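Notes for the one structure printed next.
The values are calculated or read from the model by the stated rules, or taken from the named source; none is laboratory data. The model shown is predicted, which means the values in this text are computed figures rather than measured ones. Cβ placement follows ideal geometry from the backbone for every residue including glycine, while neighbour counts extend to all protein chains displayed.
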Amino acid sequence: MVHLVMHLAAEAKIGGPVHYRWMYPIERYLSRLKSYVRNRAAPEGSIAEGYIVEECLTFCSRYMEGVETIFNRPRRTIEESTGVVSIVALNNREWTQAHRYILFNSENINHFRQLHESLIKDELRKGHNRNVPEAVIYKHHMEKFCSWFRGHVMSLTTADREREGVSDTLVALSKGPYIYVKRLKYYVINGLKFRSVNDESNKKTQNSGVSVVTEGGRTFYGVLHDIIELNYSDSIKHVLFKCKWVDDQNRRGYRTDEFGFSMVNFTHFIHGGDNIIDEPYVLASQATQVFYVEDKRQKDWYVVVKTKARDVFDAGIGPQRDEDDTCSFSEHVPYNISNNEVVNQNLSWARDDIEGMTIDASIIAERDRHEVNNLDKCDFIDDESDNEDENEDEYTDDE
C-alpha cells in the first residue's frame, strides 16, 4: 500500500478527477433498480415493470400544467435575484469610478476616448512643456473624461450626433447615473451566486471570489466587497461589482506553482479604490466566480479553483466531443490536462529501489505440498495421542 502512493499522481493525470470515473453513480442507480423489487420470486420482472412505470410518469410529467414536477419546480437560485436591497449614496470618487467604467464599456465610445486623450495631450504639452509623461496624461484623462463627455454630447446637434455615431443610449449614459444607488446583499447571474466578503464572515460557504478576463487576455483575480445597481434616468440600469484586485506584477500577488495551479496573495492588491483613477468596479455580466483554497505550505497564499455553473451549458446537450471523438469531461481548471501528455511518457509501474530476484515456481509448489503433508500428519498424530490419554484416564478410573 505504501508503494501504491507512487502511482496516484500519474493516475490522476491520466484519468482526471475521480468523480468522472468512479462507480458511485452506477451503484446508486443499481440500488434504485433493486428498490423496484416487490416480488422476490420474480425480481427481474419487478425491475422491468418498475422501470417502465417510472418512464411513463416521467414522460407524462413533461406535459402537465399546474402541477409541480421535477421538471418545472422552481430552481434553488433564481436568475438575477438580489436578496435584501438598501439605498446608499455614492461619494464623488465612487460615482466617477462607477460611471466611467460604464462609459468605457459602452459601444462606440473608443472614438471619444481617443479624442479626449488627444485634447489632454495638446493642453498639457503647450509651449515648451513637451516631455509630459504618459502617466500624467492618463491621470488627467481618467479624472476629466466623464464631465468632458457630457458637455461634448450635450453640445452636439441632432445631425452631429448621427454623424459621430452618438446613439440615444450614449446620450442617456452621458448624463450620468443618480447619486443614490441600490446596494444588494447578493446577486445571482449566469447560474452563479455572488456575495460580498463582508456578508461571509459568519458563513462556511465562499461566494466572493471573482475573476475577469480583459480583451487582451489578461486575467485578474479579486475579492468582491460591494454590489451596487446604477440607475440612468430610470431607463438604463447596470449592476456593478466593487472588488479588490490582486497585484499580478513582479509575482507579488499572483504566480503559478510547479503543478500549474494559479496562486494569489491577498496581502498585495493593485489598489484600494481610494484614488479616483483606480478601477475597482466591473460589470456583473463580465465576472466569473472562483474559489480560493488556502495553501498550508506557504503563508498568505491561496490556490485558485475555477468552476462552472451547474445548470449552464455552452452549446448543445451532453459532453462535447472533438474531431477525435474524445469526451471533454475534465473541464475544471487545472484538471483539463491532455491525456497524451502523460500516456506517451514511459511510466514505471515497478519498484526500482530494490534489486529484483528470479524464483522457480516449481520449487515453491513442491515446498507448499511438503508443508501441507507435514501439517496433515502432525494433526493425525495429535489426534491419536489425545485418544490414548483419554483411554489411560478411563482405565485408571475403573481401577
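Here are the numbers for this structure:
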quantity	calculated
Criterion (closer than 30 Å to residue 291 by Cβ, at pLDDT below 85 and of a type outside the set (A, V, I, L, M)) met by exactly one of 200, 215	215
Selection status of residue 28, within 26 Å of residue 309 (Cα to Cα), of a type in the set (D, E, K, R) and in a helix (DSSP H, G or I)	yes
Selection from segment 123-174 of residues that are over 43 Å from the mean Cα position of the chain (by Cα), of a type in the set (A, V, I, L, M, F, W, C) and more than 17 Å from residue 113 (Cβ to Cβ)	132, 154, 159
Filtered residues of segment 233-275 (kept if part of a loop (DSSP other than H, G, I, E, B), of a type in the set (D, E, K, R) and at positive phi)	234
Residue, surrounded by the fewest Cβ atoms within 10 Å (Cβ to Cβ), within segment 103-116, restricted to residues that are under 20 Å from residue 281 (Cα atoms) and at pLDDT 90 or above	110
Count - residues of segment 237-251 that are in contact (Cβ under 8 Å) with a residue 40 or more places away in the chain and more than 15 Å from residue 209 (Cα to Cα)	2
Any pair with Cβ under 8 angstrom, 6 or more apart, that starts in segment 252-270 at a residue that is over 14 Å from residue 210 (Cα atoms) and of a type in the set (Lys, Arg) and ends at one that is at pLDDT 85 or above and part of a loop (DSSP other than H, G, I, E, B)	252/268
Segment 277-302: number of residues that are surrounded by fewer than 18 Cβ atoms within 10 Å (Cβ to Cβ) and of a type in the set (A, V, I, L, M, F, W, C)	4
Qualifying residue in segment 323-341 (condition: of a type in the set (Ser, Thr, Tyr), exposed (fewer than 11 other Cβ atoms within 10 Å of the Cβ) and either more than 25 Å from the chain's Cα centre (by Cα) or modelled with pLDDT under 90 (or both))	yes
Some residue of segment 85-96 being at pLDDT below 90, assigned to a strand (DSSP E or B), β-branched (Val, Ile, Thr) and within 36 Å of the chain's Cα centre (by Cα)	yes
Total residues in segment 276-322, condition farther than 22 Å from residue 193 by Cα, assigned to a strand (DSSP E or B) and at pLDDT below 90	1
Conditions (1) surrounded by 10 or more Cβ atoms within 10 Å (Cβ to Cβ); (2) assigned to a loop (DSSP other than H, G, I, E, B); number of the one not met by residue 14	(2)
Some residue of segment 32-51 being outside any helix (DSSP H, G or I), within 30 Å of residue 230 (Cβ to Cβ) and either free of Cβ contacts under 8 Å to residues at least 60 places away in the same chain or acidic (Asp, Glu) (or both)	no
Where residue 101 falls short, out of the listed (1) assigned to a loop (DSSP other than H, G, I, E, B); (2) touching a strand residue (DSSP E or B) at 6+ places or on another chain (Cβ under 6 Å)	(1)
Residue ID - surrounded by the fewest Cβ atoms within 10 Å (Cβ to Cβ), chosen from residues in segment 212-226 that are part of a strand (DSSP E or B) and of a type outside the set (Ser, Thr, Tyr)	213
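Yes or no, residue by residue, for (1) in contact with a helix residue (DSSP H, G or I) (Cβ under 7 Å, 6 or more places away or on another chain); (2) within 23 Å of residue 95 (Cβ to Cβ); (3) surrounded by 15 or more Cβ atoms within 10 Å (Cβ to Cβ); (4) free of Cβ contacts under 8 Å to residues at least 24 places away in the same chain:
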{"residue": "118", "(1), (2), (3), (4)": "no, no, no, yes"}
{"residue": "122", "(1), (2), (3), (4)": "no, no, no, yes"}
{"residue": "125", "(1), (2), (3), (4)": "no, no, no, yes"}
{"residue": "141", "(1), (2), (3), (4)": "yes, yes, yes, no"}
{"residue": "160", "(1), (2), (3), (4)": "no, no, no, yes"}
{"residue": "179", "(1), (2), (3), (4)": "yes, yes, no, no"}
{"residue": "183", "(1), (2), (3), (4)": "no, yes, yes, no"}
{"residue": "187", "(1), (2), (3), (4)": "yes, yes, yes, no"}
{"residue": "197", "(1), (2), (3), (4)": "no, yes, yes, no"}
